[in-house]
Amino acid sequence: MIGVSTLFLLGCSSLRHELFQSSAWDLGIFDQAIYLISQGQSPISSFLGFHILGDHAAIVLYPLALLYKIYPTVYWLLIVQAIALTLGALFINYLARQAGLNTRQATTMAAAYLLYPLVFNINLYDFHPEVIALPALLGAILAARLKKISWFCFSIMLVLGCKAVLSLTVSAMGFWLLVFEKRRLCGAIALLSGIVWFLIATKAIIPFFGGEAASVARHLSRYSHFGNSFIDIAQNLLLQPNLVLGKIFSFATLEYLALLIAPVLWGISPRYLLPLVGATPTLALNILANATQQRNLVHQYSLPILPFLFVAVIQTFANRCAWIQKPRIILLYSLVAFLALGKYGYFWTIYLDSLDTWQATREAIALVQTKGGVYTTAEIAPHLTHRPLIEFTDANSPPADLTKFEYILLNVRHPGWLSNRDFATNLVNQLKHTQVFQLNYQHDDVYLFVKNSSGEKSEKLI
């Protein structure tokens, strides 16, 4: 079941990428950084403008670069993501057996996890290192219950290396293990490790590699309604509880919680929700953020909730308090939830929007034969990220000087995220009337301009 699910997820994410529906943010960011690491170069993302560790202190990207040593391809990331997501089912199965469920019941829990809509949807949304933390968190919970300290410590280190904010999840899990599960040693290790790593990542690694002002702006922008700094936000949360209560007791929050619970409503009981203590930091961050993408089953922000949600469901089922007890009905319910909330329909709707220029885009990409800088659309960018310099078109923030690029690849018919047809058309017309770039390919409104080595080098294009 895990093997088939892995192949299915990999096939879907690969097809999406081949249809030019992946994006510079975030697949292009991570692919470029990991490629540069594999080449012994500093992983400074030209999309972000700073070192990749200045983003989320994701140290796990460095061992991932070993795969690029074998062969540099973005598909490694899609493979790792598919394996990580489906591997969670294995630990769900073990946790269910450890809780006293029989083989059939444990398999049902694993199948319900694989059918949880977020697992499929996040697989389609480019790549994010925190998917690796999903099986690691489940593995840590299992290790704590089995008193496997070395295994537990390894799992915790893996989670912390995926994303700085996951240190809050690790600390909350440690508190749950310490107070409610009575796993004192594992709980203390997780609680202290999470606190220490949060301080190291936010006070040292991220400011050093990303610049303190830039990192604060990036990571606090979604909470700017509470203040402009960590201190301001903390003070407002404490001194103005009405701001927090207004977010918590809102229709948006109710809708978000309903989305999270609906696929496993059959296994939810208030008596066995204590495992969700480990999910409280993620829930709080998502509820308080002003970004709606943090409150859905499409993006990666709800991923750390999933392990604790299924542990609660397993405990409910093991104590015979689940609303539905029959495995067949649970599977049917999970399938209906997947059909209702899964985004598989994108494959015959929005994913086909640019199919009319698919062949021309592929032909133009094939003509980019050096590692020179590229300026292209956000959707084409992930296919050309194995180079130090690549940027995507943004109508509101055009590059100061186009002559730093060797290639400019534009799709006027489908100008891409943050761009528009007028911007792309004007840029094509400008490039046609300059000696710096030469039109090398044109078909179906796809244009490839190559820097002319014999042209006027001093001419500046803005």
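The values are calculated or read from the model by the stated rules, or taken from the named source; none is laboratory data. On a predicted model such as this, the values are computed, not experimentally measured, just so you know. For neighbour counting, all protein chains shown are included, and Cβ atoms are generated from backbone atoms with ideal geometry for every residue, glycine included. We work out accessible area using only protein heavy atoms, side chains counted, and drop any ligands, DNA or RNA first. Shrake-Rupley method; radii C 1.70, N 1.55, O 1.52, S 1.80 Å.
Scanning the range 143-165 for residues being aliphatic (A, V, I, L, M) and crowded, with 21+ Cβ neighbours inside 10 Å gives a total of 6. Evaluate the range 40-50: report whether one residue or more is free of Cβ contacts under 8 Å to residues at least 24 places away in the same chain, farther than 28 Å from Asn296 by Cβ and touching a Lys or Arg at 6+ places or on another chain (Cβ under 8 Å). No, the conditions are met nowhere in the range 40-50.
Residues are listed down the side, and each one gets a yes or a no for (1) acidic (Asp, Glu); (2) under 20 Å from Leu283 (Cα atoms); (3) touching a helix residue (DSSP H, G or I) at 6+ places or on another chain (Cβ under 9 Å):
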| residue | (1), (2), (3) |
| --- | --- |
| Pro117 | no, yes, yes |
| Ile122 | no, yes, yes |
| Asp126 | yes, no, yes |
| Lys147 | no, no, yes |
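Being over 23 Å from Pro43 (Cα atoms), assigned to a strand (DSSP E or B) and of a type in the set (A, V, I, L, M, F, W, C) is the requirement here; does Phe449 meet it? In short, yes. So which of Gly267, Gly210, Gly187 is touching a residue at least 24 places away in the same chain (Cβ under 8 Å) and closer than 28 Å to Pro117 by Cβ? Step by step, each of Gly267, Gly210, Gly187 is checked, and only Gly267 is touching a residue at least 24 places away in the same chain (Cβ under 8 Å) and closer than 28 Å to Pro117 by Cβ.
In the list Ile330, Ile380, which residue meets the criterion of being of a type outside the set (Ser, Thr, Tyr), over 17 Å from Ala96 (Cα atoms) and touching a Ser or Thr at 6+ places or on another chain (Cβ under 7 Å)? Going through Ile330, Ile380 in turn, the sole match is Ile380. Checking the stated criteria, Leu431 turns out not to satisfy the condition of being among the aliphatic types (A, V, I, L, M), in contact (Cβ under 8 Å) with a residue 12 or more places away in the chain, open to solvent by 60 Å² or more (accessible area, probe 1.4 Å) and not in a strand (DSSP E or B).
Yes/no per residue for (1) at pLDDT below 95; (2) crowded, with 21+ Cβ neighbours inside 10 Å; (3) more than 30 Å from Leu160 (Cα to Cα):
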site: Leu274; (1), (2), (3): no, no, no
site: Pro304; (1), (2), (3): no, yes, no
site: Gln325; (1), (2), (3): yes, no, yes
site: Asp356; (1), (2), (3): no, no, yes
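Quick check on Leu410: is it at pLDDT 95 or above and part of a strand (DSSP E or B)? Against the criterion (at pLDDT 95 or above and part of a strand (DSSP E or B)), Leu410 qualifies.
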